[in-house]
Structures are given as structure tokens and as C-alpha cells.
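Have a look at the structure below before the remarks.
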Amino acid sequence: MKKFILKSASIILAISLLSAQNYSIYARDITTATPELDESVFNYDEAELNDALSELNELDTYLESNTDATFESLSEQESDLVANIESTASPMGMSGQDSEPPLGIPSFLWGCVFGILGLLVVYIATDNDKEEAKKAMWGCLAGTAVSVVIYVIAFAAVESSN
């Protein structure tokens with residue numbers, strides 16, 4: 001066990017020495033200009049905001065006054081109130097496309113790297129898309145298999161050194 005610990009410590013020290021030498025190449029003064037900040041994007045015009053939401057406000061007042069009307073019935077009648085409004089709901093700001101994985105990261109990697117948590121993220125973020133969840137499940141199984149193989153090899157190395 002003592003040999004294994006000493007060998008591991010020497011490998012870790014050698015890697016840290018090599019990486020420290022590698023980082024010393026990049027340790028130089030960097031002079032960058034501060035980008036100019038357009039402060040107008042942080043200020044909002046209340047009149048412009050009200051104009052942008054006027055169609056939605058009209059629809060809201062119409063639906064409050066007519067309790068039997070629904071969004072679906074208005075879209076079937078091709079009403080002007082719902083002409084520029086989409087009825088799709090996107091979970092957590094995702095695009096809502098079926099073929100796109102969450103945050104642009106493949107679902108297999110979500111499952112492989114993060115395991116059950118990654119599988120849960122994919123399932124929730126893709127709005128219960130079974131194909132993406134299946135890919136994440138295969139990734140989770142592959143990551144688990146690789147972890148088991150690494151642990152078996154590590155324990156065999158420890159046992160053989162004793």
C-alpha cells in the first residue's frame with residue numbers, strides 16, 4: 001500500500017510540475033481595452049413596452065369579458081386578436097424544437113457525465129421527450145460501465161501491489 005501511495009504522489013507531483021511549467025508560458029501581461037458599454041440597453045421605455053404588449057392586453061381583456069372564449073376557439077376562428085401570438089410553451093426558455101438537445105449539449109453526454117442528474121435534466125428540459133431521455137439513459141449506462149471498469153482496475157492494482 002505504501003508503494004502505491006508513493007507512486008501516486010510522485011505521478012501527481014510530476015503532472016503538477018509539468019502543468020505549472022506549461023502555464024508559465026502564458027503568464028505575461030495582457031493589455032486589453034475595456035469595451036465600451038451601451039447604457040441604452042439597460043434603460044427601458046415604458047411607452048415602448050406598453051406598445052409591444054398592447055396586442056396581448058387586448059386579448060386578455062377580451063378573454064376576461066368573454067369567459068366562454070378560449071385561445072383555441074379564437075385561433076380556429078382566425079381572429080385578429082391571436083394573429084401574431086403563438087400558443088407554444090417552451091420549458092425553461094428552451095427553443096421547443098423536438099430534435100434539439102438541452103443547451104446544445106448531446107443528451108448522451110448529459111447522461112454519461114452527470115448520471116441520473118443528467119438524465120433528469122434532459123427529461124425535464126426536453127419536455128418529456130422520450131427519444132432524448134433514451135439517449136441520456138444510454139449515456140448514464142455507459143458512464144456507469146466505464147466507472148465500474150476503472151474501479152475494478154484500480155482495486156486490482158492495489159491488491160496486486162500488496
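Just a few scattered comments:
- Against the test of being closer than 30 Å to Lys3 by Cα and part of a helix (DSSP H, G or I), the options Ala154, Ala136 yield a single qualifying residue, Ala154.
- In the range 103-162, the residues that are of a type outside the set (Ser, Thr, Tyr) and in contact (Cβ under 8 Å) with a residue 60 or more places away in the chain: Ala157, Val158, Asn162
- Residues satisfying the stated conditions in the range 124-158, i.e. over 12 Å from Cys112 (Cα atoms), hydroxyl-bearing (Ser, Thr, Tyr) and surrounded by 12 or more Cβ atoms within 10 Å (Cβ to Cβ): Thr126
The numbers here are math on the coordinates, done by the rules we state, and not lab data. Small disclaimer: the values here were computed from a predicted structure and weren't measured. Virtual Cβ from ideal backbone geometry, glycine too; neighbours counted across all protein chains shown.
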